[in-house]
Amino acid sequence: MNSAGQHPQQLDPIRWARAKCVFELALDLPPSSQEAVLVRECAGDTLLLDEVRRLLKNYGAAGDFMEQPAVMVSPSLGGFAPQQIVSNRFRIVRLIGEGGMGEVYEAEDLVLGERLAIKTLRPEIAGDQAATLRFRQELQLSRRVSHPNVCRVFELWEDESEPGRKMTFLTMELLEGETMAQRIAAHGPFSPVEALPLIRQIAIGLDEIHQLGIVHRDLKPSNLHLIKQADGRTRVVVTDFGLARSTGLDLALTQTGHIFGTPAYMAPEQFESGQATFASDVYSFGVTIFEMITGRRHPLVAPSTVVSGLKPTWDGALAKAWELDPHLRPARAAHVVAMLESSKIRPRTKRRVVVAAVLLLGLGGFYAAREPRTPQFRLTKVTNDDGISWQPSLSADGEIMAYASDTSHRGDLDIWVRRVNGTGGTRLTDDPANDAEPGISPDGQRVAYRSERTPSGIYVREVNGGPDRLIAPFGHNPVFSADGKEIAFWVGSDAQFLGRRARVYVASVYGGTARQLLPDSADARHPAWSPDGNELVFQGCGPGCQDAESDTDWWTVGRDGKNPRATGALQRVLGQGLTLYLGPLSWHGGDLIFSARMTSDTNVWRTSLKAPWWRRWKAVPLMSSTEEAIDPSVSRNGTVAFVGLSSRINLFQAPLNRPGSVEPQSRIGNTEIDLRLPPELTQTVKTLLTVR
Amino acid sequence: MVIQMDSQAGQITAILKRLSAGDKKAADDLIPVVYQELRRMARYYMAREQSGHTLQPTALVHEVYLKLVDQNDVDWKNRAHFFAVAAQAMRRILVDHARLNKAEKRGGSDRKDVALDEALVYSSETGPDVLQVDEALTRLAAIDARQCQIVELRFFVGLTVDEIAEVLQLSPRTIKREWNSAKAWLYGELGGSGSGG
C-alpha cells in the first residue's frame, strides 16, 4: 500500500470520513465562503485541512474524469477484414458471427471456387501447442463425419500474412440460413408438429457424432443451423461439436475455474465437474427441445405446463432426458425422439433386476377414503425363495396364488401354487422348458400359463392334477374371466412396440378356437377382465387406429368385442409424468392397478378407469416405494400381490397398523439380506428378463 | 410439476446467498463465472451488432445477471452482491489485460483502443491507467469499502447514480456525494494536480 511512496498523507478510515464530511459541506457552498468553513470545521487539524483543500481542488480539475465507463463493448479489433486474402487461398467475404473459439467468416476458396466458412481460433488457444495438438486430433475424428445433419469440417490452416500475427483457423462447411436460436428469437417457439421433424434431425446428427466417440459438449439452439432446401424442407445441421474439449478450454477450466459450455444447457454433472459425456449431450438435447417448444430455457418444467394441449409424451421424454443421474437418461438422442413420437412407454427390457420375491399387499381401508392418499395396509412377504419368484396371480378370494419360480431348477421357470397364508408352495409344472406368466382361475382350481415347450403357447392345468391342455399355440399372459369360463391372452411383443400391432384373443377354457377380440387395425395388449367379467381392459389403440404408439391408451371393450372405448386414463397417467411399466393390468372396482415409474421409483399405482369425471383422481402410488414393484395382481377382495425387485430383498414387517405408507424403518431391524447369486443364474435371470 | 430448477441459476443464487450470509469467500467462487460470462456475452452481442457500434457495459452486466441468476429469487441483497461481483470481475478483466500488455512491453503503440477480448475494448487514450486505478482502489477499499464499491459499479459496470442507489439500496443523493469525494480523491491519487506526483 505504501509502494507508491508519494502519498505521505495516508488516511485512516476515521480521518477519511471526517475529510469527506467537510468536503461535502464545502462543496455545497460558493467558493468564496468555502475557506472560512474549512478552517472552522477542521478546527486546527492542518492535515485534515490540507486533505480537504486538495480534494476540493482535484474535484474542480477532475472534470469528467472516470465518468465514462472503463470498458466498451465493441467489435473485435482482431480477426480478418473483408476482401483480405488469407493463406494465399481464401478471400474473406464477411464476418458471420462469433463462437466460443473465435470469429466465423464467410470466405471464398480461390482454388476450388467454392464458398466456405472460416473459423478463427483465439490466440490463447492457437498459441497453446498441447491444445493445438488435441485440436488436430479431434479434427481428424470430426473429418470422418459426413452427414447432412452434421457440419462438415475440412482443414486447419495458419496465416501469417500480417507479420508477427499468426492466425490459426479452420475451414468448414458454409451454412447459410439462420440458427435455431435466431429462429426462436424472431418467430417464437415451434409447434410440436413443426418441431418434430427438426428434433429428429438433431438426434440423427448428434447420434452420428457420438458414434465416432465425439462428445458435443455445447449443444444448444445457437449451434444448430436451419437450412431451407430446394424442396421446401428444412435441414438441421449440428455445428461446433467436440471442438471445445480439444481447444484447451478444459485447461482453462482447471487453471482458472472457468467452465466451458453454456451453463443454461449443461447437464448438472457437466456444470459441476466439467465432465461432459454422451449423457450430458442428451441432457442438453432435452433443454434444446424444451426451448424449441416453449421458447424458454428455464425453469425446466414439464413442457405441457407451458404449452397447453401438448401431448404428455413430451413431458415424459424430457423428464427422461433431464434425469439427474446420467445413467438413467436415454443412451441415444434417437431414444428421446422415439419417446416423443411414440407412446413413450418403456419396453420391459434391460432391467437391473437380480432377485424377485412376491409380496402381498392388503388394500384394507384403501377404498374407504375419498382421496386415498394415505392408504392403510398390511404388507406381507409371501415367497422366501432364494431363486426368482414372480408373476403372481391371485384367486378371487385372495387365498391362493400361482406364480412362476425357478426355485427347483435354477434358470428353469415352472408354475407354482401356494396358499398365501400357508408355508411353502407346490410345483405345478415340471417341464424343462420355461413355464411362466400364470393366470389362476377365480376359484383357484386351475392355472393357465405360457409355456415355451413344443408347441409353445397357452396351456391350462388343474391344480389338483391332470394333464396340461393346450388352449392356443401362441400367446402371453393368460387371464381368467370372472366366471372362470374364458381365458384372454395376447400376441405380440412389448420389445417390438414400434410398428407391430398386438392382438388380444379370448378362448374357452374347455377348448375350441380362440377368437380375436378386435379387428386387425387395432393394437391390443395386456388384457385384464372387469370384475363382473363382462368387459376387458387392454392397453393399445382401438379399431381403425392410425398411430398405435402416440394414441395408445387403456381401452375397454365388451367380452364380445363390441363397444371398444378409449378411457383416456393412460394418457392422463402419462401426463402425470409416469412411465408405464409394460406388464399385467388388474381391474378392481372402478380402478386400474398397474406398475409405473415416477422419476426413479417403480411402484404399483392405481387410477380411476371408468369413474365419471368428478370422481376421477390422479394416479396414486400404493406404497412409498421401498422396492421396485411390478406385476400387480388384485383379488376380488382387494389384496394386491406384486413382485418386489431389487438387488437386495427387503423384509417387510407386518401388520402395519397405522395410516401412512410403508416406511423404511418397518423393515425388520433394518435387516437387508444381501443375496449374492451364482453368476450363471444371474445370467439366466437377465436372459429371462430381456427375452420377454 | 417442476421437474428441476435451472441448475446453473440455482448455483449462482446459492453462492449469492452465501455472500448475503457474510461468506466473503463466496465472491471468489462467483467472480470467475461472471468474468467468463461477461466476456462470452460481450462476444455474443458484438457478433450481432453492426461493426463500429459500441455497447455500454451496463447492458452487458444486466444480461449476465438475467442469465446467471434465478429470477424467482427477488432478494435485493443478492442483486446487489451480483453487481458488486460483476464490477470486480470487470475490474479483473481490465487489470489482467493491462498486466499482460505491460509484460509484452508493446511500448510506442499508437492504438488508442485496446482490445481486452474479442469484444471488450478499453479506451486507453481517454481513460486513466487501469493498473493505477486498481492500486488506488485497493487503497480506497482499505479506508472506505463502500466508496470503493460505488466506484467499481460506476467505472467498471457503468451504472448511473440512480442505478447504483437502487443496487445498494441507498439514496441517490448519498451515492452522488460519495462519488464526488471518491472522484476527487482518485484524481489526486492518479497524478492529477495536488497529489504532488
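The values are calculated or read from the model by the stated rules, or taken from the named source; none is laboratory data. Being a predicted model, the structure only gives us computed values, none of them experimental. Please note: Cβ atoms are built from the backbone with ideal geometry, for glycine as well, and neighbour counts cover all protein chains shown. Heavy atoms of the whole protein, side chains included, go into the accessibility calculation; ligands, DNA and RNA do not. Shrake-Rupley method; radii C 1.70, N 1.55, O 1.52, S 1.80 Å.
For A:Tyr459, A:Tyr59, give me the order by solvent-accessible area with a 1.4 Å probe, most accessible first, ignoring ligands, DNA and RNA.
Values: A:Tyr459 15, A:Tyr59 65 Å².
Putting A:Tyr459, A:Tyr59 in descending order of accessible area: A:Tyr59, A:Tyr459.
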- In the full protein assembly as shown, how much of A:Ile14 is accessible to a 1.4 Å probe, in Å² to the nearest 10? 130 Å²
- Note on the structure: Per the rule of 0.36 nm per residue minus the C-alpha distance, extending A:Asp520 to A:Arg419 adds in nm 32.3 nm
- Message: Rolling a 1.4 angstrom probe over the protein chains, ignoring ligands and nucleic acids, what is the accessible area of A:Cys545 in square angstrom, nearest 10?
- Response: 10 Å²
- Item | Backbone N within the range A:320-340 under 14 Å of label point (7 Å from A:Val306 Cα along the Cβ vector) | A:322
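Go through A:His187, A:His210 and list them by solvent-accessible area, largest first, probe radius 1.4 Å.
Working: A:His187 125, A:His210 20 Å².
Putting A:His187, A:His210 in descending order of accessible area: A:His187, A:His210.
If I stretch the segment between A:Glu194 and A:Ala334 completely, what's the gain in nm (0.36 nm per residue apart, minus their alpha carbon distance), one decimal? Could you put the intermediate results ahead of the total?
Values: separation 140, 0.36 × 140 = 50.40 nm, distance 1.75 nm.
Answer, rounded to one decimal: 48.6 nm.
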- Per-residue mean of other chain beta-carbon atoms within 10 angstrom of the beta-carbon, peptide B:26-33? 2
- Vicinal HN-Hα couplings computed from phi for the range A:53-65 (Karplus, 6.51 cos²θ - 1.76 cosθ + 1.60; Hz; Gly/Pro x): 4, 4, 4, 5, 5, 5, 4, x, 8, 5, x, 9, 3
- How much net charge surrounds A:Glu67 when only other residues with a Cβ under 11 Å from its Cβ are counted (Lys, Arg +1; Asp, Glu -1)? +1
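Take B:Leu170, A:Leu110 and sort them by solvent-accessible surface of the protein heavy atoms, 1.4 Å probe, largest at the top. Show your work: numbers first, answer last.
Details: B:Leu170 55, A:Leu110 85 Å².
Largest accessible area first, the residues go A:Leu110, B:Leu170.
Once the Cβ-Cβ distance between A:Gln229 and A:Arg144 is put in as r, and R0 is 22 Å, what FRET efficiency do you end up with, to the nearest 0.05? Present the calculation step by step, with values, prior to reporting the outcome.
Details: r = 24 Å, r/R0 = 1.10.
Between A:Gln229 and A:Arg144 the formula returns 0.35.
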- Note on the structure: At 37 °C in a medium of viscosity 0.692 mPa s, the range A:439-478 has a Stokes-Einstein diffusion coefficient, with Rh taken as the Kirkwood radius over alpha carbon pairs, in µm² per second, of 326 µm²/s
- Task: Determine how large the accessible area of A:Ser191 is when every protein chain is in place; take a 1.4 Å probe and give Å² rounded to the nearest 10.
- Result: 50 Å²
- Message: On a full-extension model of 0.36 nm per residue, what is the gain between A:Ala186 and A:Cys21, subtracting their alpha-carbon distance, rounded to one decimal in nm?
- Response: 54.1 nm
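What FRET efficiency would be calculated for the residue pair A:Glu176, B:Leu66, taking the C-beta separation as r and a Förster radius of 30 Å, to the nearest 0.05?
Numbers: r = 31 Å, r/R0 = 1.03.
Rounded to the nearest 0.05, the efficiency is 0.45.
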- Other-chain or far-sequence residues with amide H under 5 Å of A:Gly457's (modelled H): A:Ser451
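Suppose R0 equals 51 Å; then what is the FRET efficiency for A:Gln84 and A:Leu324 from their Cβ-Cβ distance, rounded to the nearest 0.05?
On the way: r = 49 Å, r/R0 = 0.95.
The calculated FRET efficiency here is 0.55.
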- Query: Can you pick out the pairs among A:Lys119/A:Lys228; A:Lys228/A:Lys311; A:Lys228/A:Lys320; A:Lys320/A:Lys610; A:Lys562/A:Lys610; A:Lys320/B:Lys17 whose Cα atoms lie more than 25 Å from each other?
  - Reply: A:Lys228/A:Lys311; A:Lys228/A:Lys320; A:Lys320/A:Lys610; A:Lys320/B:Lys17
